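Working notes for the structure below.
The values are calculated or read from the model by the stated rules, or taken from the named source; none is laboratory data. The structure presented is a predicted model; accordingly, all values stated were derived computationally and were not measured. No Cβ is skipped: glycine too gets one built from the backbone with ideal geometry, and neighbour counts run over all protein chains shown.
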Amino acid sequence: MPNCEICGSKTNDLFKVSVEGTEMRTCLPCTKFGKVISKIIEKKSEEKKILINAKPETEESVVSNYSSIVRNAREKLCLTQEDFAKKLNERLSVIRSIEQGKLIPVLKMAKKLENILGIKLIEELKESSENLSFEKSGSATLGDLIKIKKKQ
């Protein structure tokens, strides 16, 4: 019987769900964590060795000196914080907090700042790839991967 990739429960009713951009096989209760793509109809699975090839993932992050980059770019355009806030359709307090380094902009806001100011605020971080192998019937769950990561 196949397992849910989120909670690990064994069920015959699995759904293909997009959870934060990742397609997962989940049970009905776990479909609430993402967008349901389709219902999975599986043939009877047998016990087999599962090889998980973890591809290097890229994660986007805001650069550490974002506050000075934003302030300098705004000043080059001869914009006051008030004018800049109106142009971004944001509150003045948000702009002040970003420029003071008290508020790290979320990726959506950072992309907006990049487009308007013509600067680069987002960097890509790459993780190393690993091959994980273990014996299990059904499919691997997130819990299985965490256990493997802790052992290494």
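Observations on the structure shown:
- Contact map, region 1-24: first residue over 13 Å from residue 39 (Cα atoms), second residue surrounded by fewer than 13 Cβ atoms within 10 Å (Cβ to Cβ) and of a type in the set (A, V, I, L, M), Cβ cut-off under 8 Å, separation 6 or more or different chains; pairs are 10/1.
- On inspection, residue 93 does not qualify as hydroxyl-bearing (Ser, Thr, Tyr), surrounded by 13 or more Cβ atoms within 10 Å (Cβ to Cβ), farther than 23 Å from residue 20 by Cα and modelled with pLDDT of 90 or more.
- Those residues of region 12-28 which are surrounded by fewer than 16 Cβ atoms within 10 Å (Cβ to Cβ) and more than 22 Å from the chain's Cα centre (by Cα), in sequence order: 12, 13, 28
- Residues of region 61-72 classified as under 27 Å from the mean Cα position of the chain (by Cα) and without any contact (Cβ under 8 Å) to a residue 40 or more places away in the chain, total: 4
- For first residues located in region 73-101 and part of a helix (DSSP H, G or I), partners that are among the small types (Gly, Ala, Ser) and surrounded by 15 or more Cβ atoms within 10 Å (Cβ to Cβ) and lie 6+ apart or on another chain with Cβ distances below 6 Å form the pairs 92/85; 95/85; 99/67.
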